[in-house]
Every structure is written in structure tokens, then in C-alpha cells.
Amino acid sequence: MTAILEARGVTISFGGIKAVQDVALTVSKGELLGLIGPNGAGKTTFLRLLTGILRPHEGQILLGDVDVTHRSVDRRARAGLAVTHQIVRPFRAMTAVENVMLAAGHGFTRSPLRAFLHVSRVAAERRAMQLLERVGIADVARRLAGTLPLGQLKRLEVARALALDPQLLLLDEPLAGLNQNEASRLSDVITELNRDGITIVLVEHRLVEVLRIVDRLAMLDKGRLLAVGAPTAVMQRADVRAAYLGGADDAGD
Amino acid sequence: MYYVELAVQGLIYGSMYALMALGLTLIYGLLRVLHIAHAAVFTLGAYVGVITANATGSLWIAFPAAILAAVLAGIAIYRLVYAPLLDRPPLVPLIASVGLLILLEDLFRIVFGNQGIAFNENPYVYMTVTIGGLSIGVLQLAMFVGSVASLSAFAAFVAFSRTGAAWRATLGNPQMATSFGVSVAQVRYLNFAIGSAFAGLAGVLIALLNNYAEPGMGTIVSYKTLAIIVLGGLGSMRGALIGSLLLGVIESYGTVYLSGGVDRDAIAALCLIAILMFRPEGLAKRIAA
Amino acid sequence: MNGYLVSLVPLIGVNAILALGLNIIAGFCGQISLGQAAFYGIGAYAAALMALAGLPFWLTLPLGALTAGVFGLVVGLVSLRVREDFLAITTMAVGFLFLGLVRKSALFGGEVGLTGIPPSGLGPQGYALLVVGLVAATVALSIYMKASWLGFAFASIAEDEGAARALAVPVPHYKLAAFFIGSALSGLAGAIYCYYARFITPDTFSFLVSVSILAMVVIGGIGSTWGVLLGAVALTLLPEIFRFAGEYRQFLFGLALLMVMRFSPAGLFGMLSRLVPARLGNLRKARA
């Protein structure tokens with residue numbers, strides 16, 4: 001198994017409090033890894049460290065063989081690390097398909113000069129339509145993203161991330177705010193994507209859905225990696241159960 | 001002695017900047033609006049002060065009149081311009097504010113003329129007092145004392161009164177207001193009232209110092225105090241106060257030592273750009289109230 | 001064309017290019033600038049100094065633009081550190097800094113400015129034609145840019161910088177590009193103005209001028225090339241048509257800015273296209 005993403009002793013603190021402490025985690029090619037933890041466990045912070053919104057005070061982050069610890073968000077995205085946001089961030093004034101096209105044109109947007117010299121959006125549009133179909137919202141492709149309901153926006157986030165042709169997809173609570181029906185349909189999409197060969201890290205609060213689809217489970221608590229392994233094994237551990245019962249809540253951190 | 005004198009001059013101007021910067025900070029802290037038109041409120045204070053003093057012959061009437069006019073203008077500006085625009089992108093109220101400043105400044109010019117208006121009598125202009133060997137203009141001293149007194153009174157109000165506590169809590173978290181039995185809207189009006197009162201006071205003080213009020217007197221002050229609150233870390237009162245005094249002193253020395261290169265009014269820009277390059281969040285980290 | 005109209009054309013052209021330049025920074029890329037008059041001034045002073053040094057007209061024009069563009073790049077670097085409100089004030093400060101430096105500098109003629117700038121050699125008619133050509137080129141550039149991937153990426157940055165970065169758009173490079181292009185256009189306008197007026201003073205590049213440029217963009221409809229062009233032409237002509245308004249020019253600018261922001265932030269063009277949705281609306285969509 002090849003490691004696609006590796007965090008080595010990653011630590012960050014805010015105002016003296018260590019939000020993420022000495023976390024070491026390896027994501028292997030092709031797997032679907034679930035990342036869970038109670039509120040305030042540091043999941044979102046850890047994710048931000050992975051994507052580059054935050055830089056760790058200690059430790060390294062490797063994408064493939066490359067140390068990306070000091071690379072910006074966009075350079076990591078370009079290197080194959082795509083992310084969806086917990087709170088959806090569509091470009092509301094653009095149509096759904098335009099949202100995806102922008103990402104699909106990542107070859108053109110590499111530099112302003114390159115972008116200036118290219119006009120045709122045909123290829124990007126074709127690719128974007130394919131992806132919208134793949135996540136099941138091709139029918140609203142021409143609608144302004146600002147007018148779409150949350151369930152469709154969550155899918156749009158996934159399609160946009162896929163358009164980057166990522167090596168690794170980080171999904172930050174893609175199911176939050178969805179009803180049961182929408183949630184299980186989106187988790188089916190996630191499973192399919194993984195089956196098609198995309199490596200996925202799924203940060204999610206809804207344990208039932210997570211346990212249903214992931215290969216491996218990692219659990220964060222109080223900024224530390226408490227457990228990692230097969231989902232059932234992790235969930236049977238006493239410390240994992242204690243951490244969850246201690247801080248069980250529904251909202252994200 | 002010369003250095004001390006420059007520092008004192010700087011602190012005097014700095015105290016006036018502080019009066020203006022505090023109002024801007026209050027308004028920014030609560031509404032996230034860069035109230036550029038604050039300068040017009042300042043100019044209004046100056047005009048009303050001069051006119052009232054000339055009409056009544058009494059500065060004791062002129063000050064309250066100017067402050068009252070400024071407060072009313074501030075509240076009207078909030079009610080008519082900002083309140084309907086709060087849910088728009090920040091660019092919209094910002095540009096509206098620029099428009100308002102330009103409009104009001106020109107209105108002063110149209111109504112009162114290009115040259116502005118002067119005090120009929122202002123016996124204090126050339127009076128000086130000597131403190132510890134330093135000769136200071138009475139009006140400059142008045143500006144410093146007036147600023148420090150009103151800012152201290154305000155600080156005491158915030159620190160010790162119940163309304164002050166409610167207000168402070170609301171700045172940090174607008175939803176808190178209801179638990180103190182006041183509405184967010186009331187706190188916003190209060191902020192505009194207090195901020196504008198300071199601007200009105202600063203206006204009269206500057207008018208007295210210059211002996212006249214003129215239409216464009218606010219523009220430079222506006223840009224400088226905006227630079228100060230950005231310097232101080234937007235929304236931080238402590239940062240704004242420190243920034244004001246610091247800029248006053250730097251300008252005071254800069255006017256002497258940099259006069260060959262830049263003019264006085266560009267010093268604030270230099271400070272701003274230099275500091276932002278090193279500390280994009282300004283001098284002070286943002287402190288809620 | 002009679003002499004009066006011919007004399008107005010370069011003035012309209014200068015304002016149109018200024019407004020279109022700011023529109024690239026503020027409208028396309030979403031970065032506010034309250035100091036655009038500084039780049040206008042840099043272009044004018046650079047062209048004037050080169051002209052006085054004997055450089056030919058066809059060289060000073062592009063070099064003036066380039067100089068302003070390079071300074072725009074520097075301010076763009078500041079824009080990478082600060083956002084929105086901070087940026088508005090920083091750019092405003094840049095404007096005052098420019099004035100402060102020019103006023104005190106003997107090289108730039110201090111308060112008196114620079115005089116005795118040689119004529120372009122094209123004559124009034126020829127010069128007006130050249131300016132019209134340059135405006136047309138700027139409009140074409142704007143329209144092309146908006147249709148290109150550059151415009152597409154700009155639009156994403158204007159709406160949500162963070163999301164754009166997550167989609168692999170190198171946001172800092174784009175902001176620098178916007179500031180470079182927008183400021184270079186302002187510089188071009190400055191160079192055009194310099195040969196038009198044949199003398200320049202610091203007052204021509206005051207804060208009020210920055211605000212006027214912003215007014216043209218905002219009143220025309222921020223982000224819309226035709227709207228901004230319309231705004232520039234209208235705001236230049238209005239005081240000329242209504243002579244009485246000359247006295248109240250500034251007042252009207254302020255009022256217009258305030259009213260448009262208060263009642264129709266999409267600008268007059270935006271308002272028009274809502275009132276006449278069938279035709280203009282489709283036109284706008286076709287362009288977008």
C-alpha cells in the first residue's frame with residue numbers, strides 16, 4: 001500500500017492550548033478513511049492543517065513523497081488534495097455547472113497569464129457536466145448556485161472537488177444538515193467514488209453512516225489521535241466509548 | 001527642551017485624533033462599517049460651534065450646541081444610510097459613506113462659502129500658559145484636557161455603570177443585549193450618539209484652535225483617523241488610543257525631520273503602510289471592547 | 001466635430017480608461033481601491049518627465065502606463081496582506097502618500113507641478129481620434145478578459161477567495177495581475193491627460209479624483225464593462241451639459257454615489273437591465 005497523505009507529529013496550539021497534538025496518521029491509496037471525534041476534538045483544525053488553511057507549529061504533512069507543510073492551500077489543491085467545506089461555499093452568482101467548470105479548468109487557472117490566453121470553456125463544461133451527473137444533480141446545472149437547496153449544494157461541493165482530478169478527497173462533514181434520505185444517498189455516492197479508485201478521508205459526525213461505509217476509522221479526542229484501525233475494533237474500545245459519551249453532541253466543532 | 005516641546009505638541013494633536021478614532025472604532029466594532037463620513041460630523045460640529053458662538057457670544061452655549069448637532073447628525077446617518085445597508089457586502093456602505101462625506105463637505109461649501117467662517121471673537125487664540133518651563137497655547141491645552149477628560153469619563157462610564165456593562169457585553173456579542181433588557185438597535189444608536197458627540201467636540205476644539213471652520217477640514221482628519229484605527233487593529237479601542245497618540249508624536253517629529261521628503265499629511269500613510277507590511281492585524285490584537 | 005467637442009473627447013477618454021481600469025480591480029477581482037488617482041498621477045508624472053527629457057510621444061505613453069503598473073504591483077503586494085476594509089483604507093493612504101511625496105519634491109515641481117510639456121504632434125483632431133482608439137482597445141480588452149479564464153478566476157476570487165484557493169486558483173497571483181493591469185490603465189490615462197493639458201499639478205490627482213473614478217464605476221454598475229463606460233461618459237458630460245451643475249459637481253457626485261448605493265447597488269446599468277429585462281438582461285447574460 002502506498003501512502004498518499006501522511007501527517008507526522010502534527011501539532012498546533014491557540015493561546016497556549018494545544019488544539020491538535022502530535023497527530024500521526026497515514027492515508028493509503030484507495031482507502032476510505034473515516035475521521036471521527038466528539039465536539040472540540042480538533043477534527044476541523046486537523047483538516048485545516050491538512051488543507052493548508054493553518055500551518056502546524058510542529059510536524060510535517062506529506063502528500064505522496066512531497067513535503068507540503070509550507071505550501072499554500074491552492075498549491076496543495078493543485079497537487080491533488082481536494083476538499084469540500086463543512087459549511088458549503090458555492091460561488092452563488094455562478095451557475096452550478098460554472099462552479100464545477102472553474103475547478104475543471106485548473107489547467108488554465110494555473111497562472112493569470114495562462115488564464116488570460118485561454119477562452120474556450122467547452123472541454124471544462126463537458127467535464128463539469130459529467131461530474132454533476134456523477135453526483136446526481138445534472139438537472140440543475142444551469143441554475144444559479146445561490147438558489148439551490150442544501151442537499152444539492154453538498155453534492156455540488158463534491159463535484160467541484162472531483163473536478164480537480166484529486167489524488168485524495170477530504171470531505172468535511174458532507175452529511176451535516178441533510179435529512180436521513182439525502183444523507184444515505186450522498187454516502188452511496190461517496191462509496192461509489194471510492195470504489196472507482198478515489199482515496200477519501202471522511203470527517204463526519206453521523207456515526208451510523210460512517211460505520212456503514214468506511215474501511216478504516218480514526219478517532220480524535222482532545223487534539224490527540226486516540227485510536228485508529230478497523231471500524232468495529234475502534235468502536236469497541238472503552239476509551240473511545242468514554243470519549244463519545246462524555247461529549248456527545250450533534251453539532252460540528 | 002525642543003524635543004519635549006515636539007512630543008507635547010504631538011500628544012495634543014494625538015488627543016484630538018483619539019477623540020475621532022474612538023468614535024470610528026465604536027462604530028466599526030459594532031457595525032463593521034468604516035464610517036468615512038464621520039469627518040462630516042466633525043466638520044458639522046465645527047460649523048455649529050462657530051455659528052453658535054458668533055450668535056450668542058458664548059462658548060458655553062457653543063459646545064453643547066455643536067455636540068448636540070453632531071449627535072443628531074450621527075443618529076440620522078445611521079438611521080437613513082447605514083441601517084438599511086447592513087446586510088449588503090461591506091463595499092456598499094463604504095462607498096455610500098464616501099458619497100455622504102463628499103456631499104456634506106460640498107454642502108458646507110455651498111451654504112457657507114469656500115473660505116469657511118471664522119469666530120467673531122476668539123480671545124484665546126494667542127494666549128499661552130507656561131507649565132514647567134514649556135509655553136503652551138491655552139487652546140491646545142484645552143484640546144488636550146478636553147479630550148482626556150471626555151475619554152476618561154467615557155471609560156469610567158463603561159467600566160462602572162450598569163448601562164456601560166450592558167453596552168460592553170453587547171459589543172462583544174450583540175445577542176447579549178437582550179439579556180440586559182436593551183435591543184441591539186438601541187446599542188447601535190448609542191454608539192453613533194457617543195461617537196458623534198466626540199466628533200462634534202473635536203470639531204469645535206479644532207475650529208477654536210484654527211479660529212475658523214472650513215468645508216474641507218474633515219477630509220485629512222478622516223483619512224488619518226481611519227489610518228489610525230486600521231493601525232490599531234480595527235475594532236480595538238486600546239489600539240486606537242495608542243495609535244492616535246503615537247501618530248500625533250510621529251507627525252510632530254516627522255514634520256521637522258522629514259520635511260524635505262514628505263508633507264505632514266503623508267506621514268500617517270507611511271506609518272500605516274509600514275506597519276501593515278509587518279503586522280497585517282495592526283498594532284493591537286483585536287480585543288472585544 | 002467642432003472644437004469644443006474635440007476638446008472634450010480626450011477628457012471623456014481619460015475618465016473612461018480610469019474607470020475601466022478600476023473596474024478590473026474592483027469589479028472583476030473584487031478588490032477595493034480608494035487610491036486610484038495615485039496611479040493616474042504616477043502615469044501622468046512619469047510621462048511628463050519623460051516628455052520633458054525629450055522622449056517621443058509614442059514611447060512615453062506605454063512607459064507611463066508601465067510605470068504605474070509596476071507601482072500598482074507594489075500596492076497589490078499590500079493587498080495580499082490586508083483585506084476588504086483594511087485594503088480600502090490602505091489604498092486611500094497610498095493616494096495621500098503619493099500627494100505628500102509629489103508636493104514636497106522638486107523633481108515633480110512641488111505644488112506648482114510640471115509645465116511646458118511638448119505637444120503630442122497629432123493636433124487636436126488626431127489626438128481625439130487616438131484617444132477614441134485607446135478607449136475602444138480598453139473596452140475590447142475588458143470584454144475579452146471577462147470572457148477568458150482570467151475573468152472567470154477573477155469572478156471566483158471576488159465572490160469567495162477561500163473557496164477559490166481550495167479550487168487551486170493561486171489567488172495572490174491573480175490579485176497582483178488585477179492591480180498591475182488596472183493600475184497600468186490608470187497610468188495610460190495619466191499619460192493621455194498629460195499631453196492633453198500640457199501641464200500637471202498635484203491637485204489633479206487628489207482623493208476626490210479617486211472618489212470620482214469610483215463613482216463612475218459604481219454608478220455605471222460595478223463589474224459591467226458597458227455600464228462602467230456609460231458611467232464614465234455620463235459623469236464627465238453631465239457637468240458640461242448642465243453648466244450650472246459645474247458649481248455643484250462635487251455635491252452631485254456625492255449624492256449620486258450615496259443614492260445609487262442606497263437604492264440600487266448594482267448601478268444604473270444594473271437598474272436599467274432590471275427595468276428592461278427582456279433586451280438588456282439578455283445582452284448582459286450573453287456577455288457573462
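So A:Q86 clears everything in (1) within 8 Å of chain C (Cβ to nearest Cβ); (2) part of a loop (DSSP other than H, G, I, E, B) except one condition, right? Which one?
A:Q86 satisfies all of (1) within 8 Å of chain C (Cβ to nearest Cβ); (2) part of a loop (DSSP other than H, G, I, E, B) except (1).
One residue is enough: does region C:250-273 have a residue meeting the conditions more than 19 Å from C:G30 (Cα to Cα), modelled with pLDDT of 80 or more and in a loop (DSSP other than H, G, I, E, B)?
Looking through region C:250-273, none of the residues is more than 19 Å from C:G30 (Cα to Cα), modelled with pLDDT of 80 or more and in a loop (DSSP other than H, G, I, E, B).
Among the residues of region B:99-120 satisfying the criterion of being surrounded by fewer than 17 Cβ atoms within 10 Å (Cβ to Cβ) and without any contact (Cβ under 8 Å) to a residue 24 or more places away in the chain, which is nearest to the other protein chains (Cβ to nearest Cβ)?
So, considering only residues that are surrounded by fewer than 17 Cβ atoms within 10 Å (Cβ to Cβ) and without any contact (Cβ under 8 Å) to a residue 24 or more places away in the chain, the one nearest to the other protein chains (Cβ to nearest Cβ) is B:I110.
Could we say that C:A147 is under 28 Å from A:R114 (Cβ atoms), of a type in the set (G, A, S), touching a residue at least 24 places away in the same chain (Cβ under 8 Å) and touching a helix residue (DSSP H, G or I) at 6+ places or on another chain (Cβ under 8 Å) here? If you could, list the steps in order and put the result at the bottom.
On the way: under 28 Å from A:R114 (Cβ atoms): yes; of a type in the set (G, A, S): yes; touching a residue at least 24 places away in the same chain (Cβ under 8 Å): yes; touching a helix residue (DSSP H, G or I) at 6+ places or on another chain (Cβ under 8 Å): yes.
Against the criterion (under 28 Å from A:R114 (Cβ atoms), of a type in the set (G, A, S), touching a residue at least 24 places away in the same chain (Cβ under 8 Å) and touching a helix residue (DSSP H, G or I) at 6+ places or on another chain (Cβ under 8 Å)), C:A147 qualifies.
Considering only region A:172-230, give the strands (runs of 3 or more DSSP E) lying wholly within it that have at least 3 residues that are β-branched (V, I, T).
Qualifying strands (runs of 3 or more DSSP E): A:199-203.
Which residues, counting only those in region C:92-110, are more than 10 Å from chain B (Cβ to nearest Cβ) and in contact with a Ser or Thr (Cβ under 8 Å, 6 or more places away or on another chain)?
The answer is C:G109, and nothing else.
Go through (1) in contact with an Asp or Glu (Cβ under 8 Å, 6 or more places away or on another chain); (2) assigned to a loop (DSSP other than H, G, I, E, B) one by one and return the number of the condition C:S33 breaks.
With (1) in contact with an Asp or Glu (Cβ under 8 Å, 6 or more places away or on another chain); (2) assigned to a loop (DSSP other than H, G, I, E, B) applied to C:S33, the lone miss is (1).
If we keep just the residues of region A:55-77 that are under 16 Å from C:E161 (Cα atoms) and buried (at least 18 other Cβ atoms within 10 Å of the Cβ), which is farthest from the other protein chains (Cβ to nearest Cβ)?
Per the stated criteria, the residue is A:R76.
Pick from region C:163-211 the residues that are buried (at least 24 other Cβ atoms within 10 Å of the Cβ) and among the polar types (S, T, N, Q): which of them is farthest from the other protein chains (Cβ to nearest Cβ)?
C:S186
Restricting to region A:120-137, name every residue that is away from every other protein chain (no Cβ under 14 Å) and closer than 11 Å to A:V100 by Cα.
Correct list: A:R126, A:M129, A:Q130, A:L132.
Kindly check whether there is at least one residue in region B:141-153 that is touching a residue at least 12 places away in the same chain (Cβ under 8 Å), on the phi < 0 side of the Ramachandran plot and of a type in the set (V, I, T).
So far as region B:141-153 goes, yes, one or more of its residues are touching a residue at least 12 places away in the same chain (Cβ under 8 Å), on the phi < 0 side of the Ramachandran plot and of a type in the set (V, I, T).
Scan region A:17-24 and tell me whether some residue there is within 27 Å of C:I157 (Cα to Cα), under 20 Å from the mean Cα position of the chain (by Cα), touching a residue at least 40 places away in the same chain (Cβ under 8 Å) and part of a strand (DSSP E or B).
no
Among the candidates A:G34, A:G59, A:G40, A:G30, single out the residue that is in a loop (DSSP other than H, G, I, E, B) and either touching a helix residue (DSSP H, G or I) at 6+ places or on another chain (Cβ under 9 Å) or modelled with pLDDT of 90 or more (or both).
After ruling out the rest, the residue left standing is A:G30.
Would you mention how many residues in region C:221-249 are within 20 Å of C:V131 (Cβ to Cβ), more than 18 Å from the chain's Cα centre (by Cα) and at pLDDT 75 or above?
0
Could you run through region B:256-269 and say how many residues are modelled with pLDDT under 80 and of a type outside the set (D, E, K, R)?
7
Examine region C:88-104 for a residue that is more than 21 Å from B:T219 (Cα to Cα) and touching a Gly at 6+ places or on another chain (Cβ under 9 Å), and state whether such a residue exists.
no
Scanning for something among the basic types (K, R), touching a residue at least 12 places away in the same chain (Cβ under 8 Å) and either surrounded by fewer than 17 Cβ atoms within 10 Å (Cβ to Cβ) or within 20 Å of A:T45 (Cα to Cα) (or both), does region A:214-231 turn up at least one residue? Outline the logic, then answer.
Here is the first cut: in region A:214-231, the ones among the basic types (K, R) are A:216, A:222, A:224.
Among the residues that remain, those that are also touching a residue at least 12 places away in the same chain (Cβ under 8 Å) are: A:216, A:222, A:224.
Then keep just the ones that are either surrounded by fewer than 17 Cβ atoms within 10 Å (Cβ to Cβ) or within 20 Å of A:T45 (Cα to Cα) (or both); that gives A:222, A:224.
So far as region A:214-231 goes, yes, one or more of its residues are among the basic types (K, R), touching a residue at least 12 places away in the same chain (Cβ under 8 Å) and either surrounded by fewer than 17 Cβ atoms within 10 Å (Cβ to Cβ) or within 20 Å of A:T45 (Cα to Cα) (or both).
Sort out for me the helices (runs of 4 or more DSSP H) sitting completely within region A:90-166 that have 2 or more residues that are acidic (D, E).
Here the list reads A:122-135.
Yes or no: C:S186 under 26 Å from A:P112 (Cα atoms), touching a residue at least 40 places away in the same chain (Cβ under 8 Å) and among the polar types (S, T, N, Q)?
yes
Out of the residues in region A:99-117 that are of a type in the set (G, A, S) and within 7 Å of chain C (Cβ to nearest Cβ), which is surrounded by the most Cβ atoms within 10 Å (Cβ to Cβ)? It would help to see each step written out before you state the result.
Of the residues in region A:99-117, the ones of a type in the set (G, A, S) are A:103-105, A:107, A:111, A:115.
Going one step further and asking which of them are within 7 Å of chain C (Cβ to nearest Cβ), we end up with A:103, A:105, A:111, A:115.
Details: A:A103: 29, A:G105: 26, A:S111: 15, A:A115: 26.
So the residue we want is A:A103.
Give the number of residues within region B:104-156 that are more than 24 Å from the chain's Cα centre (by Cα) and part of a strand (DSSP E or B).
Qualifying residue count for the region: 6.
So how many residues does region B:62-86 have that are away from chain C (no Cβ under 14 Å) and aliphatic (A, V, I, L, M)?
11
In this structure, is A:G9 without any contact (Cβ under 8 Å) to a residue 60 or more places away in the chain and either more than 14 Å from chain C (Cβ to nearest Cβ) or not aromatic (F, W, Y) (or both)? Write out each step before concluding.
Values: without any contact (Cβ under 8 Å) to a residue 60 or more places away in the chain: yes; either more than 14 Å from chain C (Cβ to nearest Cβ) or not aromatic (F, W, Y) (or both): yes.
Yes, satisfied.
Residues that are more than 14 Å from every other protein chain (Cβ to nearest Cβ), free of Cβ contacts under 8 Å to residues at least 40 places away in the same chain, of a type in the set (A, V, I, L, M) and out of contact with any helix residue (DSSP H, G or I) (no Cβ under 6 Å at 6 or more places or on another chain): does region B:87-98 have at least one?
The answer is no; no qualifying residue exists.
Identify, from the list C:L150, C:L188, the residue that is of a type in the set (A, V, I, L, M) and under 30 Å from A:A79 (Cα atoms).
C:L150
Quick check on my filter: what residues within region B:24-58 are free of Cβ contacts under 8 Å to residues at least 40 places away in the same chain and either part of a helix (DSSP H, G or I) or buried (at least 21 other Cβ atoms within 10 Å of the Cβ) (or both)?
Of everything in region B:24-58, those that are free of Cβ contacts under 8 Å to residues at least 40 places away in the same chain and either part of a helix (DSSP H, G or I) or buried (at least 21 other Cβ atoms within 10 Å of the Cβ) (or both) turn out to be B:T52, B:A55, B:T56.
On the basis of being free of Cβ contacts under 8 Å to residues at least 40 places away in the same chain, in contact with an Asp or Glu (Cβ under 8 Å, 6 or more places away or on another chain) and of a type outside the set (S, T, N, Q), does C:G123 make the cut?
Values: free of Cβ contacts under 8 Å to residues at least 40 places away in the same chain: yes; in contact with an Asp or Glu (Cβ under 8 Å, 6 or more places away or on another chain): no; of a type outside the set (S, T, N, Q): yes.
Answer is no for this residue.
The values are calculated or read from the model by the stated rules, or taken from the named source; none is laboratory data. It should be emphasised that the depicted structure is a prediction, and the values quoted were computed from it without experimental measurement. Glycine gets a Cβ as well: all are built from the backbone with ideal geometry, and neighbour counts include every protein chain shown.
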